[in-house]
Amino acid sequence: MLLYDQRYRSITIQIFALFLLMLGAAWLIDNVISNMRLLGRSFSFNFLWQSAGYDINQRPIAYDSTMSHGRAALVGFLNTVILAILGCIFATVLGVLAGVLRLSSNWIVSRLITVYVEIFRNIPTLIWILIFGAVMAESMPAPSAFRGDDPASSMIFDAIAITNRGVYIPSILFTTDLGALQLGPVAPSLNWLLIFAILIGSVFANRALIAHATRTQNATGIRPKTWWKSILIFLVPLAVVKLSLGVYLDYPELRGFNFAGGTHLRNSFLAMWLGLSFYTGAFIAEIVRGGILAITKGQTEAAFALGLQPGKTMRLVILPQALRVIIPPLISQYLNLTKNTSLGLAVGYMDLRSTLGGITINQTGRELEGMFLLMLTYLAISLTISALMNVYNSRIKLKER
Amino acid sequence: MRKSVFVGAFAASALVAGLAQAQSTLEQVKNRGELVCGSNTGQVGFGAPDANGVWQGFDVGFCRALAAAVLGDPMAVTFVPLTSQTRFSALASSEVDVLARNTTWTFTRDVDLSLTFVGTNYYDGQGFMVNRELGVSSALELDGATVCIQTGTTTELNLADYFRINGMDYEPVPVDTAAEAQQQYLAGACDVYTDDVSALASSRAAFAEPGDHVILPEVVSKEPLGPVVRQGDDNWADIVQWTLFALIAAEELGVTSANVEEMKTGSNNPEVGRLLGTTGGFGDMLGLDNDWAARAIAAVGNYGELFANTIGDQTPIGLARGLNAQWTQGGLLYAPPFR
């Protein structure tokens, strides 16, 4: 009988379940459509081209309140990406350091790191973000404290001002401007693109240098000294750029109500960045520790027996193997951090959720369309991150032949 | 098992949604025996719980009057605190029956968001509050200032316009609620706090040192604040609208919470009779009983009493009637005739 045929039965059940699922989805969509008709509302993305009317404090690209909601959403998107990238970098640095140090044989160091990991891991991200935000706003001096002949506060090295409105750091400016590359809505500065290209070139040159050293070592048994060549490879092109473009630092200075000049790292940004990085860093620390512990003790002992120092053992023997264990869970931490950037509204960070998903939706009333765009964008960001990380993962994973 | 629970939940929610759709708002409120009123998350004087957890304030008073008119009990109100971001979704999704929460009447909200603004219970305008120490005496001196602002408000848009028109620069610090804005402002994370003047006065009254803060003389916008209902239930909109007008008309006609009972019989003004339901049968036309307006007035007083008790110059908020005086007194309050 067909009922006892396992293959037939499972296919039938699956088709039935799929049918129910589609029915459910259709019911939901139909409900939305009929309810929207009932309310006299339409489904349209026209609002993206209407004037936004609100200002955004952190603007990676030119924006003012007369520009469109779509432009405001783009500014928010860039703010999200900036926060996600900087957050992932800082969280990784913190996490790897903490993960390695937690295994330190020094009792105090390992206990301190344990305290860090446990405190940050076990308190929700949002609370950490609010704590960092509150600490910045409540306990730092106001810009007016820097005023006068005998100010209550002074700038660090006359360059960095830490205030209750954020941290002002010097920014890098050029006397020669190469102009900007017109790429539709965004126009990155050619100066920065040039520097970026030179840095990438230096990385490749340095890699070639190290490969050459390894080849020499394999052939002759003696590894040529490379450190000073590496430094030259990175410094010389940058020095040439500095001279030809006239790079100088723009220091923040007190003018009117606030500091002007320099780069303003707002409280909202710092709270998000530190909160997300320290929180995610604690998880990454555990992943790193797990990855290191997954490598058998024999590897360390073998490396020691060959005469490698502890630092080199970690760098050359343990970490490369541990990475294979570390990378896959690390991807999810990056994705978590990226998605947690949407908590920005709590401290007024103008990310995609606050611009498109917050103010724009509120001013235009297009919840459905806005949320739909928001979902698609976060999905796209997350899929991009995991695709990139998967490429990296497949490069470092054990090659089986 | 999981799946069947899921499908069951679907069916149940469909059923509930279907039932809810079929009833008018008035029927829903009556069946529930309670009015659900969207209110501020805490704006002293307009809508905030007092020390005993009982909501008090000007907007809250309006909801109580409405509950008295519809249900006969001014305390039969559940207040749902809504941020400026969540208020319209909450109203649109029937989470609340009426929104009485310092909401500005604008074209897009009325037309595009499919809401109905039934009237204005407070004529307001946007202003700026600064610390006295700054020595600022005009909003035009605020070039380069850091401004705390609640997101999702008309205030946000007016602010952008005002600074652009005057060629000034500013740094917006967006916050979610008035409480958060006050905390940031008091911590000095922003120089200026901007909001409707009434809200600024209410915030200032709650500060430890209200005298340290000045509200600048410039009023940069028109902010007609009023109760809002969903579009599409005209009867409910009429009830909310005429409850507001009843409070306003009561002040004009000299009906107060103290004399409402004697005015019912004692007045020879026919409009008072129609308002209080002794003649005309106006309550029936609304789908209520004829005592509706009398109950509303008895519960919270007329507009003038409500104003004086919650935000008037005898209260810590200390707002003058200004634009919110009766039209006979040079203000803008003008209730259509009860006829």
**OP:** Check B:VAL192, B:VAL240 and return the single one that is of a type in the set (Val, Ile, Thr) and closer than 30 Å to B:ILE297 by Cβ.
**Re:** B:VAL240
**OP:** Collect the residues in the range A:336-352 that are charged (D, E, K, R) and either surrounded by fewer than 23 Cβ atoms within 10 Å (Cβ to Cβ) or within 10 Å of another protein chain (Cβ to nearest Cβ) (or both), keeping them in residue-number order.
**Re:** A:LYS339
Subject >> Candidates A:TRP273, A:TRP192 - the one that is closer than 30 Å to A:TYR168 by Cα, of a type in the set (Phe, Trp, Tyr) and crowded, with 17+ Cβ neighbours inside 10 Å >> reply: A:TRP273
**OP:** Kindly establish whether B:GLY127 is of a type outside the set (D, E, K, R), touching a residue at least 24 places away in the same chain (Cβ under 8 Å) and out of contact with any helix residue (DSSP H, G or I) (no Cβ under 7 Å at 6 or more places or on another chain).
**Re:** no
**OP:** Enumerate the helices (runs of 4 or more DSSP H) found wholly within the range B:175-274, keeping only those where 1 or more residues are in the same structural domain as B:PHE46 (by TED's automatic domain parsing) and without any contact (Cβ under 8 Å) to a residue 60 or more places away in the chain.
**Re:** B:234-253, B:260-266
**OP:** Would you point out the residue of the range A:36-60, among those that are more than 21 Å from A:ASN79 (Cα to Cα) and basic (Lys, Arg), that is nearest to the other protein chains (Cβ to nearest Cβ)?
**Re:** A:ARG41
**OP:** Would you be able to say whether some residue in the range B:309-328 is touching a residue at least 24 places away in the same chain (Cβ under 8 Å) and over 23 Å from the mean Cα position of the chain (by Cα)?
**Re:** yes
**OP:** Looking at (1) out of contact with any Pro (no Cβ under 7 Å at 6 or more places or on another chain); (2) within 27 Å of B:PRO74 (Cα to Cα), find the lone condition where B:ALA179 falls short.
**Re:** (2)
**OP:** Provide a single number: the residues in the range B:254-271 that are within 16 Å of B:PRO337 (Cα to Cα) and buried (at least 18 other Cβ atoms within 10 Å of the Cβ).
**Re:** 1
Original post:
If you take the residues of the range A:304-332 that are under 16 Å from A:THR280 (Cβ atoms) and crowded, with 22+ Cβ neighbours inside 10 Å, which of them is farthest from the other protein chains (Cβ to nearest Cβ)?
Top reply: A:ILE326
Original post:
Of the residues that make up the range B:116-133, is at least one facing chain A (nearest Cβ under 9 Å), touching a strand residue (DSSP E or B) at 6+ places or on another chain (Cβ under 8 Å) and either surrounded by 19 or more Cβ atoms within 10 Å (Cβ to Cβ) or under 17 Å from B:GLN231 (Cβ atoms) (or both)?
Top reply: no
Subject >> Residue selected from the range B:178-196 under the condition at the interface with chain A (Cβ under 7 Å from one of its Cβ atoms) and surrounded by fewer than 24 Cβ atoms within 10 Å (Cβ to Cβ), by the criterion nearest to B:PHE128 (Cα to Cα) >> reply: B:GLY188
**OP:** Go over the candidates A:SER42, A:SER34 one by one and state the one that is without any contact (Cβ under 8 Å) to a residue 24 or more places away in the chain, outside any loop (DSSP other than H, G, I, E, B), out of contact with any Pro (no Cβ under 9 Å at 6 or more places or on another chain) and farther than 30 Å from A:LYS312 by Cα.
**Re:** A:SER34
**OP:** Please verify whether the range A:164-177 includes one or more residues that are in a helix (DSSP H, G or I) and either touching a residue at least 24 places away in the same chain (Cβ under 8 Å) or within 14 Å of another protein chain (Cβ to nearest Cβ) (or both).
**Re:** no
**OP:** Could you check A:PHE90 against (1) buried (at least 21 other Cβ atoms within 10 Å of the Cβ); (2) in a helix (DSSP H, G or I) and say which number it fails?
**Re:** (1)
**OP:** Take the residues in the range B:21-72 that are among the β-branched types (Val, Ile, Thr) and part of a loop (DSSP other than H, G, I, E, B), then tell me which one is surrounded by the fewest Cβ atoms within 10 Å (Cβ to Cβ).
**Re:** B:VAL54
Original post:
So which pairs qualify, if the first residue must be in the range A:187-199 and farther than 13 Å from A:VAL240 by Cβ, the second must be of a type in the set (Val, Ile, Thr) and modelled with pLDDT of 80 or more, the Cβ gap must be under 8 Å, and the two must be at least 6 apart or on different chains?
Top reply: A:ALA187/A:ILE61
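Rundown of residues vs (1) within 13 Å of chain B (Cβ to nearest Cβ); (2) surrounded by 14 or more Cβ atoms within 10 Å (Cβ to Cβ); (3) among the hydrophobic types (A, V, I, L, M, F, W, C), yes/no style:
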position: A:LEU21; (1), (2), (3): yes, no, yes
position: A:SER34; (1), (2), (3): yes, no, no
position: A:THR66; (1), (2), (3): yes, no, no
position: A:THR80; (1), (2), (3): no, yes, no
position: A:VAL96; (1), (2), (3): no, yes, yes
position: A:LEU101; (1), (2), (3): no, yes, yes
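For (1) within 14 Å of another protein chain (Cβ to nearest Cβ); (2) under 12 Å from A:ILE129 (Cα atoms), each residue gets a yes or a no:
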position	(1), (2)
A:LEU249	no, no
A:GLY256	yes, no
A:ARG266	yes, no
A:PHE278	no, yes
A:ALA282	no, no
A:ALA285	no, no
A:LEU293	no, no
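Conditions (1) at pLDDT 85 or above; (2) under 25 Å from A:ASN31 (Cα atoms); (3) crowded, with 16+ Cβ neighbours inside 10 Å; (4) over 21 Å from the mean Cα position of the chain (by Cα), marked per residue:
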| position | (1), (2), (3), (4) |
| --- | --- |
| A:THR377 | yes, yes, yes, no |
| A:ILE381 | yes, no, yes, no |
| A:LEU388 | yes, no, no, no |
| A:ARG401 | no, no, no, yes |
**OP:** Just need a number here: residues in the range B:134-152 that are surrounded by fewer than 22 Cβ atoms within 10 Å (Cβ to Cβ), facing another protein chain (nearest Cβ under 9 Å) and not in a loop (DSSP other than H, G, I, E, B).
**Re:** 1
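The values are calculated or read from the model by the stated rules, or taken from the named source; none is laboratory data. What you see is a predicted model, and the numbers here were worked out from it, not measured in a lab. Don't worry about glycine lacking a Cβ; one is built from the backbone with ideal geometry, like all the others, and counts go over all protein chains shown.
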